[in-house]
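The values are calculated or read from the model by the stated rules, or taken from the named source; none is laboratory data. Being a predicted model, the structure only gives us computed values, none of them experimental. Cβ atoms come from the backbone with ideal geometry, glycine included; neighbour counts cover every protein chain shown.
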């Protein structure tokens, strides 16, 4: 068989998907697996969204849409960005795509060329680095620390900048840590980027509505950054519409036009039915989404309390999103059935096999994760309770030598 391209050989498979698939396989074999791997709300989309989709099918909205999305949806996104985020982008500077990931990919393809560098604070969603590599660029992973709230520090950003730096990718609230960059923290980063005028900022804001602090400011709201910032958001997390695949991008007109041209040669357009439903989603009463967020906040507190009851666990409370990123490093080096729990991968495997609790290892989010795992609390209370109770029991047994 003829060979494959180099770009496919350098891609790292998603460890989140791999861990989720392993949990599914074990569940299919008859085991009871408490799976907290995937960042997918367990709610259904709001009723008005589902009704709008039914109407769209009945009314025959089953043809290609404009590449950039229905004009009325682009207008609705423009209004949302102004109303909720204080960002002024006319509809001509908005593009609708097949999920936020598609927006991110289009933006990186438009901004990164061979050898260009993209700074990515880690821990971070692994897709950022992979789409940079697909564009021929070089991901520059800049570590953040738990003691600093897993936030990019100005001095670390400055140290990472080179003449090849083309892009800085920020995600606030963060996947996997839930860290939120405050306005003063963004202003400090902006001061550094003043000395790198050719560097773009790609801001992934898909979790901005799921927050436990008063404000999640956008980098595009910071003076000096707006004209070189591209904002990506979507409806998967805020409106529980993961399978509907709707994301949107906003930024300077030349960049948006480039992304539209790219999209026209790849996916063509987002689903017509999903776009019609998204119009309703953007008009959903705020109280409906607030109820989702209140449920996440309650689960966050419940899960954090359970984790803190486990000896030796360190945890930074997330300010947004629906993940916990606890550090179980105190359990590394412990014997386990003839081997040693030596990494986050080993730890996640131990918890899956011995506790029947599925989490994503910290290695999925950057180098040197220690003993961290990502736990999604976008799940029902009973599943969260089962996963963490089993985790506590298994780790107590590990420390006591029950699995040596």
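If I filter region 111-137 down to residues being within 23 Å of residue 274 (Cβ to Cβ) and outside any loop (DSSP other than H, G, I, E, B), which single residue comes out as nearest to the chain's Cα centre (by Cα)? Reasoning before the result, please.
As a first pass, look at region 111-137 and keep what is within 23 Å of residue 274 (Cβ to Cβ): 125, 127, 131.
From what is left, the residues that are outside any loop (DSSP other than H, G, I, E, B) are 127, 131.
Values: 127: 9, 131: 14 Å.
Within region 111-137, the match that is nearest to the chain's Cα centre (by Cα) is 127.
Residue 295 versus (1) farther than 26 Å from residue 208 by Cβ; (2) assigned to a helix (DSSP H, G or I): which is the lone unmet condition?
Residue 295 satisfies all of (1) farther than 26 Å from residue 208 by Cβ; (2) assigned to a helix (DSSP H, G or I) except (1).
When you look at residue 281, is it at pLDDT 95 or above and within 27 Å of residue 54 (Cα to Cα), yes or no?
On the way: at pLDDT 95 or above: yes; within 27 Å of residue 54 (Cα to Cα): yes.
Yes.
Specify the residue that is farthest from residue 88 (Cα to Cα); the eligible residues are those in region 214-242 that are in contact with a strand residue (DSSP E or B) (Cβ under 7 Å, 6 or more places away or on another chain) and assigned to a loop (DSSP other than H, G, I, E, B).
Residues of region 214-242 in contact with a strand residue (DSSP E or B) (Cβ under 7 Å, 6 or more places away or on another chain): 216, 218-220, 225, 228-234.
Filter once more, keeping what is assigned to a loop (DSSP other than H, G, I, E, B): 216, 218, 225.
Details: 216: 16, 218: 12, 225: 13 Å.
For region 214-242, the residue satisfying everything is 216.
For region 138-152, give me each residue that is assigned to a loop (DSSP other than H, G, I, E, B), out of contact with any strand residue (DSSP E or B) (no Cβ under 6 Å at 6 or more places or on another chain) and under 15 Å from residue 368 (Cα atoms). Explain how you work it out, then say what you get.
Our first condition is that a residue be assigned to a loop (DSSP other than H, G, I, E, B); within region 138-152, this holds for 144-145, 149-152.
So of that shortlist, the ones also out of contact with any strand residue (DSSP E or B) (no Cβ under 6 Å at 6 or more places or on another chain) come out as 145, 149-151.
145, 150 - these are the residues of region 138-152 that are assigned to a loop (DSSP other than H, G, I, E, B), out of contact with any strand residue (DSSP E or B) (no Cβ under 6 Å at 6 or more places or on another chain) and under 15 Å from residue 368 (Cα atoms).
If you go through region 55-80, how many residues are farther than 12 Å from residue 272 by Cβ and part of a helix (DSSP H, G or I)? Quick ask: steps written out before the conclusion?
In the first step, residues of region 55-80 are kept if they are farther than 12 Å from residue 272 by Cβ; the result is 55, 58, 67-68, 71-72, 74-80.
Imposing the further condition that a residue be part of a helix (DSSP H, G or I) reduces the set to 55, 58, 71-72, 74-80.
Looking only at that region, the number is 11.
Going residue by residue through region 200-208, is there one that turns out to be over 30 Å from residue 399 (Cα atoms), surrounded by fewer than 20 Cβ atoms within 10 Å (Cβ to Cβ), in contact with a helix residue (DSSP H, G or I) (Cβ under 9 Å, 6 or more places away or on another chain) and without any contact (Cβ under 8 Å) to a residue 60 or more places away in the chain?
no
Of all residues in region 264-287, which are part of a helix (DSSP H, G or I) and out of contact with any helix residue (DSSP H, G or I) (no Cβ under 8 Å at 6 or more places or on another chain)? Walk me through it before giving the result.
Initially, region 264-287 is screened for residues part of a helix (DSSP H, G or I), giving 264, 272-281, 286-287.
Scanning region 264-287 gives 264, 286, 287.
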